[in-house]
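Structure first, commentary second.
We did not get these values from a lab; they are worked out from the coordinates using the rules stated. Note that the coordinates shown come from a computational prediction; the quantities given were computed from them, not determined experimentally. Here the Cβ positions follow ideal geometry from the backbone for every residue, glycine too, while neighbour counts run over all protein chains shown.
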Amino acid sequence: MILGSLSVVNKIMLTRRILLISIVLISGCTVFNSTQKESSDSLFSIDGEPHYSDEFIYAFSKNNQTDNVTQDSIDNYLDLYVKFRLKVKAAKDLGYDTTASFKKEFAQYKDQLQASYLSPKKEQEALIKQAYERSLWEVKASHILIELKPNATPEDTLAAYNKIASIRSKAISGESFEKLARQFSEDPSAKQNGGELGYFSALQMVYPFENAAFETPVGQISEPVRTRFGYHIVKVEDKRKNEGKIEVAHIMVRSTPKDSEDLKKAAKAKIEKIDSLLRSSDDWNKTCKAYSEDKNSVYNNGMLRPFSRGQIVPEFETTAFNLKNPGDISEPVQTQFGWHIIKLIKKIPVGSFAEERDDLARKVSRDSRSSLPEDEMLKKLKAENHFEQNEMVIQNITTPNANTHLNFPDTTWLFSIGGQQVPIAVFKKRYNVKSTPEKIKQSILSFGDSLVIAYEKEHLEEKYPEYKYLVNEYYDGILLFSIMEDSVWNKAMTDSLGLKRFYDSHKSNYLANMMDTTIFYSNQESTIDAVIERDSENSADWETLKSNLLEEYNISPLTLRVVSRDNAMWNRTISTLTSRNINPIEVYGNWYWVRIREELKPQPLNNVKGKVITEYQNELDDQWVMNLKARYPVEVNKKKLKKVYEHFKATK
């Protein structure tokens, strides 16, 4: 059977989804478009319903991994395939595909499959690879910013662009970039730092800014680049290999610029004392716990999380990265938070792409660039499906205070895709058209994108033949699982009487060497000797043995007994036999003989229940298939089967 080999353990442990996927992979089932073919061309028919060679060839090819195909292997697979199609037909005739549970589950699988075809995986992977290649480097840059809101009007956008372009012309002409930044940049920090940003690597700046920094040669100034903050020009001053991350510990004495002079002097004196102690005793952990004022790290001996360039205040960063060897300790260094003494724990270089990929993928997914692959995909789909939007209508709808959207007839087209026009009435039913112009515009754009995705989903079968095959495989796979569950699997596990009958009639399948242990005891050693003498490999059961002993030796059952397994003497006797290695044994005035025999016996049902259930499932499946063949006559077209042999160049 296609599924008959599934053990009860697998049946219980596998989830419905995993098992369904295995059904699809095993069956390789596909419902091809048979309406255009003559029934006489079918490879086989089930109750007059044709099934064609191409569907069987697809299924066989999918599951056959050998180059040497024989006619027997094709015949065997055809037998499995016919049984599979019989079961699917039975499921459809019983209405399994009309149930709410089937429709829900099939819809979930179809949604997942569609998502895989509409996922821009190559583009996403390219972004991750780009982030890794950039992470191997650090760029030192300065910038000038002219602020602009993301939803700025076209007029404001043009004014901001012209302003930044004018500043760039001055810088290109030779004027000091630093002075221009202090004079014109609307970045609040520019007045102090002249626009300098220091060194940074990938994923530390917004993506358009990062692009400008990494794509502009050292010493040159980028073209104006727009981010969510506004327009920038970027001057690249240096580019160097990324040193990776470092792990350090520090001892901190708090001191801020707002402190009084006395407090500042006290803080400096304290850090100098700590520095002296470290250089004399070299007991970092003890000194850290005694003096450090960083409550977050003091109980971990001052340890900080690993960090890279650009992730911590510059004074601390510079001092930390200048330490050469693990264990090196810095001079006291002052930052805006106070005084620090830093100890290098280890340097962590950038790993290989394989090592860094998963972490970079998470960071990329949280970054603004994560939307780019989908944007590119939408752009591509719009071109492929001849997507158009009515710019005149959209412009009028989104004009502030115009309120003209109410004046357009509902039949006016808003979008066109694949030669089909979508009227404005459809948009009005789904979105609030009395909102602000900006929100209406966003709603229109979102509506257009959703139309593109919906259209693509509807036409996936036309663009991707394998998609159609997979949809049909899932459809039939769910049906097969459901009817197998009801007709075979559940029945085998819940029909205890049927299972017991099957076990009783097949006990010879479950034979095993079983250890049969019996302990005899008596207060007379001669009685035990008589038992041993009478016993043989083929001796009768206990009741017969008692009768024989009474007849031959006049030994009464009252003077000879068997120790039951729940008697405390059982374990004591076995333990004594093990330690003394003497049989029979005298214990407290009684004599015991432990008879141990290995016999070939059927294992108890509970010991082999999993195997019995599996084989009972197979029997139920065989009976079910016989009934299905009687209900749905199967006819195989020998001529078409010969063509299949020829297709695979099958040997006899």
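Take the alpha-carbon centre of the range 44-110, take the same for the range 313-361, and report the distance between them in whole Å.
The range 44-110 and the range 313-361 have Cα centres separated by 62 Å.
From the phi angles alone, apply the Karplus equation (6.51, -1.76, 1.60; θ = phi - 60°) to the range 472-477 and give each ³J(HN,Hα) in whole Hz, x where the residue is Gly or Pro.
Once θ is set to phi - 60°, the couplings for the range 472-477 become 5, 5, 5, 4, 5, x Hz.
Which label belongs to the value computed from this structure, given these candidates for Cα Rg over 2.2 N^0.38 Å: (1) 1.60; (2) 1.13; (3) 1.02?
Computed from these coordinates, Cα Rg over 2.2 N^0.38 Å corresponds to label (1).
For a 28 Å ceiling on Cα separation, which of these pairs sit above it: LYS245/LYS270; LYS149/LYS170; LYS170/LYS239; LYS140/LYS343? Can you show the working numbers first?
Numbers: LYS245/LYS270 30 Å; LYS149/LYS170 25 Å; LYS170/LYS239 24 Å; LYS140/LYS343 26 Å.
Too far apart for the 28 Å limit: LYS245/LYS270.
May I ask you to evaluate 6.51 cos²θ - 1.76 cosθ + 1.60, the Karplus curve with θ = phi - 60°, for each residue of the range 317-325 and list the ³J(HN,Hα) values in order in whole Hz, giving x for glycine and proline?
Calculated HN-Hα couplings, in order: 4, 4, 4, 5, 6, 7, 5, 9, 10 Hz.
Let a ≥ b ≥ c be the square roots of the eigenvalues of the Cα gyration tensor of the range 245-349; is it rounded (a/c under 1.5), or, if not, prolate (a/b larger than b/c) or oblate? Before the final figure, lay out each step's value.
On the way: a/c = 1.80, a/b = 1.29, b/c = 1.39.
Cα axes put the range 245-349 in the oblate bin.
For helix 496-505, report the angle its Cα long axis makes with the longest principal axis of the Cα atoms of the chain; keep it between 0 and 90° and round to the nearest 10°.
Approximately 50 degrees, to the nearest 10.
Please say if the range 342-480 is rounded, prolate or oblate, where rounded means a/c under 1.5 for a ≥ b ≥ c the square roots of the C-alpha gyration tensor eigenvalues, and otherwise the choice is prolate for a/b larger than b/c and oblate otherwise?
Numbers: a/c = 3.10, a/b = 1.42, b/c = 2.18.
Oblate is the answer for the range 342-480, as a/c is 1.5 or above yet b/c matches or exceeds a/b.
Using 1/(1 + (r/R0)^6) with R0 = 45 angstrom and r between the beta carbons of SER368 and SER281, what's the FRET efficiency to the nearest 0.05? Please list the in-between numbers first.
Values: r = 50 Å, r/R0 = 1.12.
Efficiency for this residue pair is about 0.35.
Which of the aspartates and glutamates could be linked to LYS428 by a straight reach, that is with a Cα gap under 20 Å, when you skip same-chain ones fewer than 8 residues away?
Correct list for LYS428: GLU388, GLU391, ASP410, GLU438, ASP449.
What nm distance separates the two modelled labels at THR66 and ASP486, each placed 7 Å from Cα along Cα→Cβ?
3.8 nm
Taking 7 Å along the Cα-to-C-beta vector as the label spot, tell me the TYR645-ALA115 distance in nanometres, rounded to one decimal.
4.8 nm
Helix 525-534 versus the longest principal axis of the chain: what is the Cα-based angle in degrees, 0 to 90, to the nearest 10?
90 degrees
Just report the Cα centroid separation between the range 143-213 and the range 467-525, whole Å.
So the separation of the two Cα centres works out to 74 Å.
Quick query: amide H of TRP591 versus all other amide H atoms, modeled in the peptide plane; which residues come in under 5 Å with a sequence gap of 5 or more or a different chain?
Here SER522, ASN523, GLN524 satisfy the definition.
Please quote Rg/Rh for the range 348-398 to two decimal places, taking the Kirkwood radius as Rh and restricting both calculations to Cα atoms. Mind dumping the intermediate values first?
Working: Rg = 18.7 Å, Rh = 14.4 Å.
Taking Rg over the Kirkwood Rh, I get 1.30.
Once you keep just the Cα pairs under 8 angstrom separated by 6 or more residues, what percentage relative contact order results for the chain?
That works out to 18 percent.
For SER416, project a label point 7 Å along Cα to C-beta. Then give me every residue of the range 358-396 with its amide nitrogen under 17 Å of that point.
Backbone N within reach: 382-395.
Tell me whether the range 67-195 comes out rounded, prolate or oblate; compute the Cα gyration tensor, take square roots of the eigenvalues as a ≥ b ≥ c, and use a/c under 1.5 as the rounded threshold.
Numbers: a/c = 5.51, a/b = 2.89, b/c = 1.90.
Taking the square roots of the gyration eigenvalues as a ≥ b ≥ c, the range 67-195 is prolate.
If the cut-off is a Cα-Cα distance under 29 Å, which lysines reach LYS649, setting aside same-chain residues fewer than 8 apart in sequence?
The reachable lysines, counting only those whose Cα sits under 29 Å from LYS649, are LYS37, LYS62, LYS83, LYS468, LYS638, LYS639, LYS640.
Between ASN300 and GLU466, what FRET efficiency follows from the Cβ-Cβ distance if R0 is 60 Å, with the result rounded to 0.05?
Numbers: r = 54 Å, r/R0 = 0.91.
My answer for the efficiency is 0.65.
To the nearest 0.05, what FRET efficiency results for MET493 and ALA630 with a Förster distance of 22 Å applied to their C-beta separation?
Working: r = 26 Å, r/R0 = 1.18.
That pair, MET493 with ALA630, gives E of 0.25.
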